[in-house]
Amino acid sequence: MSGAHEAVLAIDVGGTSMKGAVVTRDGRPLHVDRRPTDPGGDTIAAIVGHLHDLSAVAAAAGATVVGAGVVTPGMIDEEDGTVVYASNLDWRDVPLRALLTRAAGFPVVTGHDVRTAGLAEQLFGAARGVSDFLLVTIGTGVAAALVTAGRPVVGAGGAAGEFGHIPMVPGGEACTCGQRGCLEVYASGAGLTRRYAARTGVQLPAEAVVARLGGDDAADAVWADAVAVLAQGLATATLLMDPTTFVLGGGFTAAGDALFDPLRARLSEGLAWRPAPPVRVAQLGSEAGWIGAAALAFRSAGLGEAVRGWEPLAFSAG
């Protein structure tokens, strides 16, 4: 079978769902699906089952699977693929790479979900051609991928990028991590919902709070806090990392101009002696995890040159 028919499997594991894909050597997704992660059951077995199902799809399409990429949240030992700790999967010291490779019967490379999304944005999205940037994903919580000189910053324990747990408000509101005043307490979907409910007694999803801006004092107040804290976080990262660009992804960015206009202004105000880096919207959205996982898998299989030829528009075929 020719190299054009080689494919990898890619899975992006989240706390509640995981997205999987079969991707050919030329970057075409033959198949993309989503299914529950089932954190209350056997998550490893669920991932293995997903790999087997995707492998069957590849075989039915006449493709030869040369490997797989599986990315997850948490603190990850990049050397041996152990997930040291992942709170939303209830994992501690899980030898994920070894378990999946043994169960799948072909090589499986593992990685961190947000850092892998950063790789995808760097190769095919909003950070294409940029060697120093931060991808900040803002959804229920907040995390970041830090890239400098073209390489991701992993950290001594695999925990670099916990942007949401940087304390921003001294003596501020309690965070689930045990600290106080963390960025994601104020600037996240969950934080916005909780803080609006504390003021009004009304439980609304973050997008509904945003929809009330300009006509609801409580919505305006919690949103102003969110923007101010996020801008402070980006200003701190600017002075620490000196990035070329910020890329923001996650559900929070659906607010559009209501987020980006005041955020850019506050960021500029917070940097007295230097210009603010541009703040861009992530282009690959929720697809970035599996796209990056596919790239990792081809690189691990010694086929990294194929990835360099992928066209971003090919991903829309899935």
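Every number here is computed from the coordinates shown, using simple stated rules; none is lab data. All figures in this text were calculated on a predicted structure; none of them were measured in a lab. Every residue, glycine as well, gets a Cβ built from its backbone with ideal geometry; the counts of neighbours run over all protein chains shown.
Below, the figures for the structure above:
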{"item": "Cα-based shape type of segment 41-88, given that a ≥ b ≥ c are square roots of the gyration tensor eigenvalues and the cut on a/c is 1.5", "result": "oblate"}
{"item": "Percent of beta bridges antiparallel (DSSP, the chain, rounded to nearest 5)", "result": "60"}
{"item": "Hydrodynamic radius by Kirkwood, which averages 1/r over all alpha carbon pairs of segment 118-217, in angstrom", "result": "15.2"}
{"item": "Ordering of 84-93, 181-190 by packing [mean C-beta count within 10 Å, highest first]", "result": "181-190, 84-93"}
{"item": "Rounded to whole Å, sorted largest first: equivalent-ellipsoid semi-axes of the chain, Cα gyration tensor", "result": "35, 21, 18"}
{"item": "Residues of segment 56-77 with amide N under 12 Å of a point placed 7 Å along Cα→Cβ from H5", "result": "59-65"}
{"item": "Pairs of Cα atoms farther than 19 Å apart, segment 223-298, %", "result": "41"}
{"item": "FRET efficiency estimate (nearest 0.05) - Cβ-Cβ, L239 to T176, R0 30 angstrom", "result": "0.65"}
{"item": "Length released on extending from V281 to D26, taking residue separation times 0.36 nm less the Cα-Cα span", "result": "89.2 nm"}
{"item": "Order of H50, H112, H5 - criterion: other Cβ atoms within 10 Å of each residue's Cβ, fewest first", "result": "H5, H50, H112"}
{"item": "Length-normalised contact order of the chain in % [C-alpha pairs under 8 Å, at least 6 apart]", "result": "20"}
{"item": "On Cα atoms only, tilt of 257-269 relative to the major axis of the chain in degrees", "result": "70"}
{"item": "Diffusion constant of segment 39-129 at 25 °C, which comes from Stokes-Einstein with the Kirkwood Cα-pair radius and 0.890 mPa s, µm²/s", "result": "173"}
{"item": "Stokes-Einstein D for segment 62-200, Kirkwood Rh over Cα pairs, 37 °C, 0.692 mPa s (µm²/s)", "result": "197"}
{"item": "Kirkwood-based shape ratio for segment 1-80, expressed as Rg/Rh from alpha carbons", "result": "1.00"}
{"item": "Dimensionless Rg ratio for segment 129-281, taking C-alpha atoms and the 2.2 N^0.38 Å reference", "result": "1.02"}
{"item": "Relative packing of 212-222, 230-240, which averages over residues the other C-beta atoms within 10 Å, highest first", "result": "230-240, 212-222"}
{"item": "Label point distance in nm, E305-A254, each placed 7 Å from Cα along Cα→Cβ", "result": "4.3"}
